[in-house]
Structure formats: C-alpha cells, structure tokens
Amino acid sequence: MNEHNLYHPVSIGSVTVSGNVFLAPLAGYTDVPFRSLCIESGADMTFTEMVSAEGLSREGEKTLELMTRAKNEKDYAIQLFMGNIDPVAKALACLIPYKPTFIDINCGCPVPKVTKTGAGSIMMKNPKLITDIVRLITDTTTIPVSVKFRTGWDANSENFIEFAQAALDGGASMLTLHARTRAQGYAPFAKWEKLTELKEYCLKHHQNVPVFGSGDLFTAQDAKRMLEETGIDGVMFARGAIGNPFIFEQAKALLTGKEMPGISLEKRVQTIIKHLDLMIDHYGEKSACTQMRKHTCSYLKGIPNTGAVKQAVVQATKRETYLSALEMLGAGC
C-alpha cells in the first residue's frame, strides 16, 4: 500500500469522519479535558470513557456527565457497556439527545469488576447477545453502531471472526479489534496478524465496514506499520496517547509523507499546564490537581532528572504549586 493512502476519510454507516486516526475509549482518562487536547493535536475521532447502560437507564448524574461533549469536539462516540440487553432501550432514550457521531459497544474490557457483571470481554462468550443489542440500537435510532472486542476470552476460545459476524448480523457499521485475548490483558504482544484475518474475512464476505486496530500502538511509527502490515482501515491509540497527545499530529504527518514533528520539553510542559487548566475548568482546582497527577507522571515518563518534579506534583493541590514544581524543569514555564 502506498504510504500516501494510509491516511484517509472513513465512512461509518451514514457518517464520514475526516480521517482514520482515533483516540480509543479509556476509563479514567478520556474525559472532556483529555479529549479536547487530543483533538487539538489531531485526533480525528474521540470516544468517551465507558458509560454504563444500567447507569443511564437510571439517569444517574455521574453517568450522564460522562457523555458531556468537549467544546471543540465536532465528532465523538459514546461507548456503552452492559451485561445484558435489559437496560439498553432506556439508556438510548438518555443518550440520543447527546447526538454522538456513533455509539460504540465495549466487548473488550478485561477488568474483573466489569466482566463479573457480564459486560466487557466476557460478552464474547455469547455472540448472540451482541447481535441482539446492536439490532435493538439500529432499530431504535439512525446513529451508527461500532463494536470493540478482543480476539477471544483466552487462547482456547479465539472466536473473533464469529463474534464479528454476530455484530455485523445486528447491523454494526464498524469493527475495532484489540488483538489480544482477555486472558492476555495488556501483556506483550498483540497479534496483529489477527487484524489482517478479520479484514480479509470482511472483504471476502462482502462486509463493507471499516476495521480498526488497537494494541501495541505506542508511537506514530507503530501506527504506520500496523496499517501497512495488516491492510485495516484505521488505528485507535489507547495507552500510547496517555501523556502523549502529540502522537496524533506525529502519526498524521508520518502517514501523509511529511516530516514528523519533534516534541520539545518546553512544549511538553506547556501542554501539561494547558491540560491542568482544562481540568480545573471542568472539575475545580483541588480535584483537577489530584486527577492530574497520573497524567503529569505520564507526560514526564522517560525524561531524566524529573523525580523531584513528580514528587512535588503528587502533593500539589493548587495550580500555583503545580507551576512551581514544573519550573524545576527549567523549560520556560
């Protein structure tokens, strides 16, 4: 494949997204401030954190807040998780007014507190359930539906092709495969050849839906290599975007044959401050400073002599304390 064709628009059901470099849904990370930053850095589509269909059906205030759209978020997807079909109809009644670009169903989360409720990756044990859920959504609304899933529960039950077909039978307009089993969690290494297998299956069976890949995408070069090696339609950055929203502009440059921009320490620090300010605006100062700790440590990961800064940040509860800590980096903040 010509590298200049690697970056392109994507049709998902009735909608067209301008490009194929997405931010994956990440519980505890893809909130309004982080999504806003990733959009500024070039993400073509962003996803909310996992939203409980059960919580929506009860109109829980905290659950509703998860669906808030960022000010610069033209396109975004709401990701739902559920253990059964019962709460879906009521959940949709709360969700539809938010007018997401599409609705994503989480069938990939490996975390025990999610799977023990029947949600996340354990749904792969019941392909008929995903058919019924997707069909209910597509019968209720014109909003396209995507499904994110893994290769299977474990190495002895890799049923991602069967599961993909079950999602398509319900009317899914997009498939995203995290190329690991649930048993693998996030351990090395994702099996990208499974992405090729899924895309080839769709083409062979005339399923004209975009297939996206996830797993081991930590650099722009990883995204280029995944697209080249697998023939899939797009990539979804997850852990690779944490503390690194720059990965979107870098990937898009690389995929279009341009020079990949470097990220200076000064730019990194400026982005931390901008991220903090967005968090303060959204959560209030004290909560923002507390929640920002994990992000800041990720921004500074791999940078030498930042131990004292990280230690100071972890104790900061005010913006001015945060800025004083970052001044130790001497990056013009």
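For the chain, the relative contact order is 15 percent, taking Cα pairs closer than 8 Å that sit 6 or more residues apart in sequence and dividing their mean separation by the residue count. Over all directions, the average projected area of the alpha-carbon convex hull for the stretch 265-327 comes to how many nm²? Over all viewing directions, the stretch 265-327 projects a mean Cα-hull area of 3.6 nm². Would you mind estimating how fast the stretch 1-148 diffuses translationally, via Stokes-Einstein at 4 °C and 1.567 mPa s with the Kirkwood radius over Cα pairs, in µm²/s? For the chosen part, D equals 82 µm²/s. Calculated on C-alpha atoms, the gyration radius of the stretch 125-271 divided by its Kirkwood radius gives an Rg/Rh of 1.03. Take the Cα radius of gyration of the chain and divide it by 2.2 N^0.38 Å, N being the number of residues; the result is 0.99. Cross-link partners for Lys286 among the lysines, with Cα-Cα distance under 20 Å and sequence neighbours closer than 8 places in the same chain left out: Lys62, Lys274, Lys294, Lys310, Lys318. Averaging Cα coordinates gives a centre for the stretch 284-299 and one for the stretch 88-131; these two points are 29 Å apart.
Dipole of the stretch 1-158 computed with +1 at Lys/Arg Cβ and -1 at Asp/Glu Cβ about the Cα centre; of Asn156, Pro87, Val32, farthest Cα towards the positive end is Pro87.
In sequence order, the stretch 35-50 has phi-based couplings of 4, 4, 5, 5, 5, 4, 8, x, 4, 7, 8, 10, 10, 5, 5, 4 Hz under the Karplus curve 6.51 cos²θ - 1.76 cosθ + 1.60, θ = phi - 60°, and Gly or Pro positions carry x. Here the gap between Glu193 and Thr141, fully extended at 0.36 nm per residue and compared with their Cα-Cα distance, gives a gain of 15.3 nm.
Only the coordinates and a few stated rules stand behind these numbers; no lab work does. Given the structure is predicted, the values throughout are model-derived calculations rather than measurements. Glycine gets a Cβ as well: all are built from the backbone with ideal geometry, and neighbour counts include every protein chain shown.
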